[in-house]
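The values are calculated or read from the model by the stated rules, or taken from the named source; none is laboratory data. Computed from a predicted structure; not experimentally measured. With ideal geometry, Cβ positions are generated from the backbone for all residues, glycine too; neighbour counts draw on all protein chains shown. To get the accessible areas, we keep the full protein, side chains included, count just its heavy atoms, and leave off ligands, DNA and RNA. Shrake-Rupley method; radii C 1.70, N 1.55, O 1.52, S 1.80 Å.
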Amino acid sequence: MALITKRVYGAEDVLPKDSYKWQFLEDVMRKEANTHGFKEIRTPVFEHTELFKRGVGDTTDVVQKEMYTFDTKGGTSITLRPEGTAGAARALLEHAIYNDGLPVKAYYFVSCYRYEKKQANRYREFHQYGMEVYGTSSPAADAEIITSAATLFERLGLQNLQLELNSIGCPTCRKEYHKALRAYFEQYKDQLCETCLSRLDRNPMRILDCKSSVCSKIAENAPTVLDYLCDDCKEHFQGVKGYLDACGISYVINPKIVRGLDYYTRTVFEFVTTQLGAQGTVCGGGRYDGLIEEIGGQHTPSLGFALGMERLLALMEAQGIEIPKPSGCDLYIAGLGEQAQKKAFAIIREIRQASLNAEGDIVGRSLRAQMKYADKIGAKFSMVLGDDEITNNKAVLKNMETGDKIDVPLDENFFQGFFSAYVEADQAKLLQKMDM
Ligand code: HAM
């Protein structure tokens, strides 16, 4: 039979055999976020299109070329979120979360949608973990958001992830910079792509992250923003670097980083690797002091970052970092005959109530097929229950790895017998590991 359809191009399934990796990362991230005082925010997968046009910026590649936008039956324009920052900021305002005391610190796990050209490590549906801080312009906050990402990468055992840092100034210095960019790009007007031509007047900085090979070649020699920073922005950038130096976080200044989204001001940063081919940016973020005002709030200087979960996992794999597998089936009970099967069913329930993982037959397999299945799912112990075991009120536990057999009573002492076999097996393994 032919499959009627496959997954949508650019989207991936996370299969049961791999989902523990995502869960492990999410657990570590939640714990890290907690130690930094962040609380989780969950926002809808879609927002009114206007939010992204205004927030992310209507001259960005994301808004101009990549959004999944559609009209609802009622005629409202809706967009699947291309990123998490705008939705979280909208929620901050809508629910007046800023009244809970500033700074507000929020983290999120979101699926994002961008109609981009699919490549290795670039998807049309991808997942981000992000952290956002609202209500502070202090350079200490910039350093804190950067160190929280760096600490997470350290905790995961990642190496050779380089932190690249830049400042893209405020609206005041941006005016001068835009003038310089316009003057530069005017010389190449006949070579720029259509989209960049339209950006020349409104937002020439966006030409710097155009993905067309001609435009990016021209952009290589464009003036860099660091040369146009006003005194306040220079001082702020010095402050951020000072805090990073104080805790030994190494970075390189990359004046070419402008990020692809319009809301950024002052500090911008990326964690990059050479191990993921062309899609080497694992994490990106920065300060966005004007976003909250742009979408209808009071002036609220804010900042954050997001990292791509798929890229992080790919990098961990490339670096041979093993993610611990969750413990599997502790005991498989094979029941033979109606009465024994019911007894097995009841014992399995009790074992699960004790928070251990027990499995039994819910298919109607033969004993041989059941034992094969127990082996396949990596059961630690197995136990066969038939008429004899029920009559004698005892059974045999088999250690599936060593083949050792242990008698256990099938009465109220069953648990004691099972737990001591379990502990003994673990101890034996540990001693073996320690070569004793
Ligand atoms: P971004 O740089 O567009 O920033 O995305 C952040 C991360 O998401 C990237 O570094 C990358 O790891 C991952 N990513 C982006 N696009 C794709 C894709 N097509 N396939 C796979 N992974 C991808 C933002 O989205 C900002 N909202 C970050 C931020 C939060 N800035 C301040 N707060």
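For the reader, a short list of remarks on this structure follows.
- Estimated inter-spin distance, residue 235 and residue 120, nm [label 7 Å along Cα→Cβ]: 4.8 nm
- Length gained on full extension, residue 76 to residue 322: 84.0 nm, using 0.36 nm per residue less the C-alpha separation.
- The spacing between segment 173-246 and segment 359-379, judged by their C-alpha centroids, is 63 Å.
- 3J(HN,Hα) along segment 25-30: 4, 4, 4, 4, 5, 4 Hz, from the Karplus curve 6.51 cos²θ - 1.76 cosθ + 1.60 with θ = phi - 60°, whole Hz, x for Gly and Pro.
- Our helix-only sum for the chain, with -39,500 (n - 2.57) per DSSP H run of n ≥ 4 divided by its residues, gives a mean residue ellipticity at 222 nm of -11500 deg cm²/dmol.
- For residue 394, nonlocal amide neighbours, meaning residues 5 or more places apart or on other chains whose placed amide H falls under 5 Å from its own, are 410.
- At an R0 of 35 angstrom, the distance between the Cβ atoms of residue 64 and residue 2 translates into a FRET efficiency of 0.40.
- When a 1.4 Å probe is rolled over the protein heavy atoms, the share of accessible surface on segment 43-157 that falls to carbon and sulfur comes to 49 percent.
- Segment 331-430, accessible surface, carbon-and-sulfur percent (1.4 angstrom probe): 49 percent
- Mean Cβ neighbour count within 10 Å, used as a protection proxy, ranking 364-370, 304-310, 336-342 highest first: 304-310, 336-342, 364-370
- A simple packing score, the average count of other Cβ atoms within 10 Å per residue, orders the peptides 198-206, 315-323 as 198-206, 315-323, with the highest score first.
- Sequentially through segment 311-318, phi angles give Karplus couplings (6.51, -1.76, 1.60; θ = phi - 60°) of 5, 4, 4, 5, 5, 4, 5, 4 Hz, Gly and Pro residues having no value and appearing as x.
- Extension gain for the segment residue 252 to residue 387, taken as residue separation times 0.36 nm less the Cα-Cα distance, is 41.4 nm to one decimal.
- Rounded to the nearest 20, the size of the Cβ-charge dipole of the chain about its Cα centre is 980 debye, with Lys and Arg at +1 and Asp and Glu at -1.
- Spin-label model, residue 189/residue 23: points 7 Å from Cα along the beta carbon direction are separated by 6.1 nm.
- The label-point distance for residue 40 and residue 293, in a model that sets each label 7 Å from Cα toward Cβ, rounds to 3.5 nm.
- The shape of the chain can be summarised by an equivalent ellipsoid whose semi-axes, obtained from the alpha carbon gyration tensor, come to 55, 24, 21 Å from longest to shortest.
- Spatial separation of Cα centroids for segment 53-116 and segment 265-319, in angstrom: 15 Å
- Averaged over residues, the count of other Cβ atoms within 10 Å places the peptides 285-295, 399-409 in the sequence 285-295, 399-409, highest first.
- 5 angstrom amide H check on residue 11, placed H, neighbours 5+ away: 124, 125
- Accessible surface for the chain, divided over its residues, is 53 Å² per residue with a 1.4 Å probe.
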